[in-house]
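The values are calculated or read from the model by the stated rules, or taken from the named source; none is laboratory data. Note that this is a predicted model, so its numbers are computed, not measured. Every residue, glycine as well, gets a Cβ built from its backbone with ideal geometry; the counts of neighbours run over all protein chains shown.
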Amino acid sequence: MIEKEEQQRRKLFQEVIREMAQSQEVFKNPTKLEKVYKQLCKVYKGTSNTVDFRHYYSDIFSTLCLLKREGIQLEIVSQNLNEVYKYCKKKDDEEFCDKIKKLVDHTNLEVARINYVDDFEKKLNINGESFSLRINEINEQINDVTTKLEDAKKKMNNSYSDFIAILGVFAGIVLVFFGGTSILGNIIGNMQKMETVKAVMMCSITGIVVFDIIFMFIYYIAKLLDRNIAATNAPVWWESIFVRFKERYPLIFWVNIILGTIIFLCVIYYLLKIPFGTITLKEVVIYGINNLYVKHRNLFYVSLIGVLGNIIFLIAYIISKICKVDIGSSVFRSHAQWIDWEYNEEEDKYFVRDGEKNVKKFNSAKKAIWYTDTVRNIREFMATMKTVITISLLRYPYLTIFNIVIIGLVVYLLK
């Protein structure tokens with residue numbers, strides 16, 4: 001039901017309540033009862049044959065208060081509504097009759113409450129406007145609670161299907177867990193027949209798969225139950241997707257990083273064992289290191305210091321990222337100068353503006369757009385390269401100086 005139609009029905013409902021304040025003799029006439037019956041049908045059913053309207057306590061209360069101020073006995077309204085209810089029972093419409101029965105009950109309740117407050121005011125000799133306002137607030141709260149109760153009933157109706165889904169997910173978790181432990185058991189059982197590096201790599205792959213699938217199931221359950229399993233609710237929407245994932249789900253992030261690193265090292269180990277003719281890559285590397293140590297010992301030590309220095313920096317960099325500590329210097333990013341085009345009606349040409357100056361004129365918008373996009377892309381590329389070079393050299397100045405010294409010594413020793 002749209003809001004406009006609902007307001008019209010509420011207005012008609014209030015008019016019907018006011019009409020109930022007429023003399024009881026009037027409502028003994030079947031013609032009058034039939035008229036009121038049709039009006040109530042229009043309120044509760046509209047143009048359909050089903051009841052789709054719920055009356056408001058506030059409408060009943062406000063209308064009865066106005067009638068009370070006009071000096072009308074509210075009991076007349078209750079008695080006339082009873083006559084209408086008796087008439088409705090003859091129409092063989094149980095659903096509509098239940099609505100009228102509730103209307104009679106609610107009206108009797110409001111009549112009793114208004115009379116009680118009126119007697120209370122007379123005893124205390126005070127103004128009842130504050131009581132009326134408070135009662136209105138209470139009626140609104142009652143309506144609000146009623147709405148929430150209806151929503152709770154809907155959730156209860158959907159709880160059965162959610163329960164079945166949760167059971168299915170937990171069954172999947174159990175199957176994945178026992179499947180993963182079975183694979184790990186087989187790997188450990190065949191450890192003597194299997195190479196150690198291969199066993200470690202297989203265990204790491206199994207761990208990632210099992211851990212990620214279980215996390216996926218738990219995440220699905222959390223969404224189904226409208227729960228939050230994130231480690232933090234702090235706003236991180238401006239960060240990259242990897243940073244957001246690390247902040248919100250650090251456990252799954254670091255497990256994947258650690259196991260992925262182990263798998264990467266195992267892959268490198270197997271790459272070093274790939275044969276190139278009669279010799280493997282590992283033997284080539286060892287031979288090159290031994291040859292460098294024997295023939296160019298000073299160059300070997302300088303290269304070793306350079307490698308160890310960069311490894312130490314890499315470890316420090318990873319630790320700083322984990323601890324959220326910035327170990328670099330502040331560097332300003334370069335930005336490309338803006339360029340755009342516009343149409344000049346006086347000359348009937350398209351001008352390309354570079355800052356405050358017109359640098360090009362074109363007869364068609366297509367050429368102006370092509371030229372603008374090309375220049376803009378070139379400038380953005382140059383600005384990006386400048387930023388990359390600046391960050392590489394100035395972001396970590398001590399590392400830069402260290403590497404320049406190492407490269408200089410290597411060049412010097414190679415002469």
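Quick one: would you say Val267 is under 30 Å from Thr232 (Cβ atoms), in contact (Cβ under 8 Å) with a residue 12 or more places away in the chain and part of a helix (DSSP H, G or I)?
Working: under 30 Å from Thr232 (Cβ atoms): no; in contact (Cβ under 8 Å) with a residue 12 or more places away in the chain: yes; part of a helix (DSSP H, G or I): yes.
It is false that Val267 is under 30 Å from Thr232 (Cβ atoms), in contact (Cβ under 8 Å) with a residue 12 or more places away in the chain and part of a helix (DSSP H, G or I).
Checking Ile407 against (1) within 46 Å of the chain's Cα centre (by Cα); (2) at pLDDT 80 or above; (3) in a helix (DSSP H, G or I): exactly one of these is not met. Which one?
(1)
Could you pull out the residue among Glu110, Glu83 that is at pLDDT 80 or above, surrounded by 15 or more Cβ atoms within 10 Å (Cβ to Cβ) and either within 30 Å of Arg134 (Cβ to Cβ) or not hydroxyl-bearing (Ser, Thr, Tyr) (or both)?
Numbers: Glu83 fails: at pLDDT 80 or above.
The match here is Glu110.
Can you tell me which residues in region 289-304 are aliphatic (A, V, I, L, M), out of contact with any helix residue (DSSP H, G or I) (no Cβ under 7 Å at 6 or more places or on another chain) and within 13 Å of Leu409 (Cβ to Cβ)? Give the steps one after another, and end with the answer.
Taking region 289-304 and keeping what is aliphatic (A, V, I, L, M), we get 289, 292, 294, 299, 302, 304.
Those left that are additionally out of contact with any helix residue (DSSP H, G or I) (no Cβ under 7 Å at 6 or more places or on another chain): 289, 294, 304.
Across region 289-304, the qualifying residue is only Leu304.
Exactly one condition in (1) in contact with a helix residue (DSSP H, G or I) (Cβ under 9 Å, 6 or more places away or on another chain); (2) part of a helix (DSSP H, G or I); (3) in contact (Cβ under 8 Å) with a residue 12 or more places away in the chain; (4) surrounded by fewer than 15 Cβ atoms within 10 Å (Cβ to Cβ) is not met by Glu380; state its number.
Failing condition for Glu380: (1).
Taking Lys282 as the residue in question, decide whether it is in a helix (DSSP H, G or I), among the charged types (D, E, K, R) and over 33 Å from the mean Cα position of the chain (by Cα).
Considered against the rule, which asks whether it is in a helix (DSSP H, G or I), among the charged types (D, E, K, R) and over 33 Å from the mean Cα position of the chain (by Cα), Lys282 comes out as yes.
What's the number of the only condition in (1) assigned to a loop (DSSP other than H, G, I, E, B); (2) free of Cβ contacts under 8 Å to residues at least 40 places away in the same chain that Ile327 fails to meet?
Result: Ile327 passes all but (2).
Does region 23-30 contain any residue that is β-branched (Val, Ile, Thr) and in a loop (DSSP other than H, G, I, E, B)? Please lay out each step first, then the result.
Narrowing region 23-30 to residues β-branched (Val, Ile, Thr): 26.
Now narrow it down to the ones that are in a loop (DSSP other than H, G, I, E, B): none.
Checking region 23-30: not a single residue is β-branched (Val, Ile, Thr) and in a loop (DSSP other than H, G, I, E, B).
Looking only at region 399-415, which residues are of a type in the set (Phe, Trp, Tyr) and surrounded by fewer than 12 Cβ atoms within 10 Å (Cβ to Cβ)? Can you show your working first?
Pass one, region 399-415, residues of a type in the set (Phe, Trp, Tyr): 402, 412.
Across region 399-415, the qualifying residue is only Tyr412.
Based on this model, can you work out whether Thr374 counts as more than 30 Å from Val302 (Cβ to Cβ) and modelled with pLDDT of 85 or more?
On the way: more than 30 Å from Val302 (Cβ to Cβ): yes; modelled with pLDDT of 85 or more: yes.
So Thr374 fits the description; yes.
Which pairs turn up if I take residues in region 298-311 that are surrounded by fewer than 16 Cβ atoms within 10 Å (Cβ to Cβ) and look for partners that are part of a helix (DSSP H, G or I) with beta carbon separation below 7 Å, at least 6 apart in sequence or on another chain?
Partner pairs satisfying both residue conditions: Asn298/Leu413; Ile305/Ile406.
Given the condition under 30 Å from His296 (Cβ atoms) and exposed (fewer than 11 other Cβ atoms within 10 Å of the Cβ), answer yes or no: does some residue in region 315-338 qualify?
The answer is yes; a qualifying residue exists.
Looking for something more than 48 Å from the chain's Cα centre (by Cα) and either modelled with pLDDT of 80 or more or surrounded by 18 or more Cβ atoms within 10 Å (Cβ to Cβ) (or both) - is there at least one such residue anywhere in region 88-103? Steps first, answer last, please.
Filtering region 88-103 for residues more than 48 Å from the chain's Cα centre (by Cα) gives 88-92.
Retained after the next criterion (residues that are either modelled with pLDDT of 80 or more or surrounded by 18 or more Cβ atoms within 10 Å (Cβ to Cβ) (or both)): 88.
Within region 88-103 (the criterion being more than 48 Å from the chain's Cα centre (by Cα) and either modelled with pLDDT of 80 or more or surrounded by 18 or more Cβ atoms within 10 Å (Cβ to Cβ) (or both)), the answer is yes, since at least one residue qualifies.
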